[in-house]
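These notes concern the structure reproduced below.
Nothing in this text is a laboratory measurement; each read-out follows from the coordinates by a stated rule. Worth saying up front: this structure is predicted, and the values here are computed from it rather than measured. Neighbour counts are summed over all protein chains in view; Cβ atoms, including those assigned to glycine, are modelled from backbone coordinates with ideal geometry.
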Amino acid sequence: MHALLMIPPSGASRLEYWLAEGRREAARHIVKILQAFVPSIPVHILTAEADDRKVFGEASVASIEISQTPFHFGEALSAFIRDKQPETVLYFGAGSAPLVSFELIEQALSIVAASKRPKAYVNNFHSTDWAIFNHPQEIMGMQERLPQDNQMGWVMKHEAGFDISVAPFTSGTSINIDTPMDLLMIAMHPRMGLPYKAMVPDYAQGAVKRMEAFVQVMQKPGNTISIIGRSSSRVWAILEQKTKLWFRVFVEERGMIASGRRERGKVRSLVGQMVKQMGHVEFVRQLASICDGVLWDTRVWMGHQGIWPPQKDRFASDLGLTEEIQDPTLKSLTQAVIGADIPIITGGHGVVSGNILALLEYLEGA
């Protein structure tokens with residue numbers, strides 16, 4: 001049994017480096033949980049950053065340097081399996097489990113250990129961020145189908161014949177640090193907020209104010225929230241159970257990365273088509289006329305538009321830093337969003353999924 005954490009490069013921009021700090025904090029949490037659970041378990045990190053190797057080396061974590069250029073997840077995972085020959089792999093993306101618990105890891109391992117056939121326990125089938133699985137050699141020939149970890153659950157089930165168990169939908173299994181808004185939303189969580197709050201830079205204060213305004217909307221019974229993007233019925237069910245709000249839910253393109261649709265240019269979004277036909281300002285104005293706040297997974301819109309701006313542009317858009325956005329289409333949409341009469345929170349999958357649970361737990365503890 002071996003554990004593997006993959007930590008992506010920090011990036012060149014200040015926004016990317018800030019996100020890297022958040023991921024590093026989450027990775028520290030995972031390492032502590034794993035080492036407390038099985039003190040003898042070999043824990044490895046795969047990273048391109050000397051700072052990561054230094055920090056985790058002090059925690060008795062073995063370092064593996066990224067050698068592929070460009071990096072390819074499937075190739076790196078296969079190389080690890082070929083080198084270590086583990087019977088069971090505990091894989092975590094660096095920012096994938098900031099709230100993961102000892103009990104959850106124990107449950108996942110017991111389920112996987114009880115199976116004699118290929119078995120995997122994943123946090124999310126359509127967009128996998130962490131996975132615990134046996135018979136790792138079964139995926140050795142499928143590395144080309146795994147450009148990212150998001151595809152793991154999908155490929156393991158449909159192409160490698162694994163039996164897949166999916167973790168219960170909780171904040172501990174669904175929060176992943178992929179975008180700046182993920183950091184801001186989990187910074188409000190009562191069990192994990194302090195280290196993340198300390199990381200929030202001055203340039204993010206505009207986004208913090210939008211987040212605070214959105215939370216105020218959630219606290220008023222009878223308000224209407226719109227959720228746009230790769231959300232799920234589980235999110236809607238929990239919101240209806242735990243709030244006194246009305247919801248408009250526009251779910252599109254779940255699994256667009258895991259299935260390869262974004263990579264193939266096959267993303268199709270009715271909301272994205274409306275944005276294109278109406279224009280950014282008019283679409284946002286109409287959106288504001290039917291609700292009091294919005295959570296918007298704008299990556300679906302980007303996929304539909306056929307644009308995928310650099311990470312620093314996407315992050316700047318989420319934070320409303322229009323002067324740092326180079327892509328003109330994304331800049332125009334961002335200007336419309338931050339100029340709206342209602343709080344609109346944009347980001348990736350997390351803003352319409354696990355991060356909502358973090359907000360609810362914050363409200364329950366407030």
Semi-axes in Å, largest first, for region 267-356 (Cα gyration tensor, √(5λ)) are 17, 15, 14
Distance in nm between Lys157 and Asp202 label points, each 7 Å along Cα→Cβ, equals 4.8 nm
Taking only the Cα positions of the chain, the convex hull volume per residue in Å³ is 130 Å³
Helix 280-290: inclination vs the chain longest Cα principal axis, degrees, rounded to 10, gives 80 degrees
Rg/Rh over Cα atoms for region 2-174, Kirkwood Rh, comes to 0.93
Net charge near Phe315 (other residues with Cβ under 9 Å of its Cβ; Lys, Arg +1; Asp, Glu -1) is -2
Most packed first (mean Cβ within 10 Å per residue), the peptides 167-175, 5-13, 230-238, 352-360 order as 352-360, 167-175, 5-13, 230-238
For Val281 and Arg234, extending 7 Å from Cα along the Cα-Cβ vector and measuring point to point gives, in nm, a value of 4.1 nm
Cα extents of region 232-300 along the principal axes, largest first, in whole Å, come to 40, 30, 13
If each part is reduced to its alpha-carbon centroid, region 1-17 and region 56-132 end up apart, in Å, by 15 Å
In degrees rounded to 10, the 0-90 angle between helix 205-218 Cα long axis and the longest Cα principal axis of the chain is 80 degrees
Between Arg261 and Glu58, Cβ-based FRET efficiency (R0 30 Å, step 0.05) works out to 0.10
For region 180-365, the Cα convex hull volume per residue in Å³ comes to 111 Å³
Most exposed first, judged by fewest Cβ atoms within 10 angstrom, Tyr362, Tyr121, Tyr17 run Tyr17, Tyr362, Tyr121
Neighbours of Arg234 by Cβ distance under 13 Å: Lys/Arg at +1, Asp/Glu at -1, summed charge +2
Residue-normalised 222 nm signal for the chain, counting each DSSP H run of n ≥ 4 as -39,500 (n - 2.57), nearest 500 deg cm²/dmol, is -13500 deg cm²/dmol
To the nearest 10 degrees, the tilt of helix 102-113 (Cα long axis) against the first principal axis of the alpha carbons of the chain is 60 degrees
Note: region 1-46, point scatterers on Cα, Debye, no solvent; log10 I/I(0) at q = 0.19, 0.31, 0.33 Å⁻¹ equals -0.62, -1.09, -1.17
Using the Kirkwood radius over Cα pairs of region 57-106, the Stokes-Einstein translational diffusion coefficient at 10 °C and 1.306 mPa s, in µm²/s and rounded to a whole number, is 120 µm²/s
Expressed in nanometres to one decimal, the distance between label points 7 Å along Cα→Cβ at Gln241 and Ser332 is 4.3 nm
The Cα radius of gyration of region 182-287, divided by 2.2 N^0.38 Å with N its residue count, comes to 1.29
Here the net charge surrounding Ile64, from other residues whose Cβ is less than 14 Å away from its Cβ (Lys, Arg +1; Asp, Glu -1), is -2
